[in-house]
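Here the structure is laid out as structure tokens; the discussion comes afterwards.
The values are calculated or read from the model by the stated rules, or taken from the named source; none is laboratory data. Keep in mind that this is a model prediction, so the values were computed, not measured. Backbone-built Cβ (ideal geometry, glycine too); neighbour counts: all protein chains shown. Protein only, heavy atoms only, side chains kept; ligands, DNA and RNA dropped before computing areas. Shrake-Rupley method; radii C 1.70, N 1.55, O 1.52, S 1.80 Å.
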Amino acid sequence: MSNIAIICHSTHHGNTKKVVDEMAKAREIDIFTITQAKEQDFSSYEYIGFASGIYYQSLSKDILKLAQTINFNENQKIFIVYTCGAINKKNTSKLERIINDKGLNITDTFSCKGYDTFGPFKLIGGIAKGHPNAKDLDNAKTFITNL
Ligand SMILES: Cc1cc2nc3c(=O)[nH]c(=O)nc-3n(C[C@H](O)[C@H](O)[C@H](O)COP(=O)(O)O)c2cc1C
């Protein structure tokens, strides 16, 4: 068992999953879907990551709901991984609040663009085409290595 867990929700194009899978090439990581995470005891992990695409300017609602149910211990380090059409610091604020209310802080955040064909963007062939690209995936590996 690894000391890093990542709960990953990646429904649009699998962009976030691609990033998380790349991280798992650099370090041993236990990766969970939300369904798997509901059954999981996270108490022995040193690092717990929440990974998601951005949907309506927020991490997935299901990720937020799940985070609310976990009883973190004070030594655990919580981090975020997300992909989105356009980077915006506010994307993570809801999860930050949930974690803060539990007496912890987000210690690290990785973000990069992810191919986005949501709504009107579909008509123009999508935005952030080709992302995550090789550079994004390289940055993801560096991030997890330096966690
Ligand atoms: C329903 C929906 C809403 C989205 N809303 C936003 C948004 O508010 N801001 C943004 O930057 N990207 C938005 N996106 C784009 C996704 O965040 C982006 O494509 C991301 O890489 C998807 O990750 P995934 O493939 O792991 O699901 C949205 C995509 C969908 C499908």
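If R0 is 22 Å, the Cβ-Cβ spacing of LYS89 and GLU39 corresponds to a FRET efficiency of close to 0.10.
When peptides 49-59, 29-39 are ranked by their average number of other Cβ atoms within 10 Å per residue, the highest-first order is 49-59, 29-39. When Rg and the Kirkwood Rh are both derived from Cα coordinates, the Rg/Rh ratio for the stretch 4-145 amounts to 0.96. Using the Cβ-Cβ distance between LYS135 and SER2 with R0 = 30 Å, the FRET efficiency computed as 1/(1 + (r/R0)^6) comes to roughly 0.70.
Once the Cα atoms are used to define both axes, helix 15-26 deviates from the longest principal axis of the chain by about 50 degrees.
For the chain, the solvent-accessible area with a 1.4 angstrom probe is 54 square angstrom per residue.
Taking the Cα centre of the chain as origin and assigning +1 to Lys and Arg Cβ atoms and -1 to Asp and Glu Cβ atoms, the resulting dipole is close to 580 debye. Across THR69, THR117, THR83, mean-square fluctuation computed from a Gaussian network of the chain (C-alpha pairs under 10 Å connected) peaks at THR69. Of ILE78, ILE54, THR107, which is farthest along the charge dipole of the chain in the positive direction, counting Lys and Arg as +1 and Asp and Glu as -1 at C-beta? So the residue we want is ILE54.
Quantify, in whole percent, the carbon and sulfur part of the accessible surface of the stretch 4-145 (1.4 Å probe; protein heavy atoms only).
Accessible surface attributable to carbon and sulfur in the stretch 4-145 totals 48 percent.
Among the listed pairs LYS77/LYS141; LYS38/LYS90; LYS94/LYS122, which have their C-alpha atoms separated by more than 20 angstrom in this model? Too far apart for the 20 Å limit: LYS38/LYS90; LYS94/LYS122. Each 10 Å bin, from zero up to the one with the longest distance, holds this percent of the alpha carbon pairs of the stretch 14-91: 16, 50, 31, 2.
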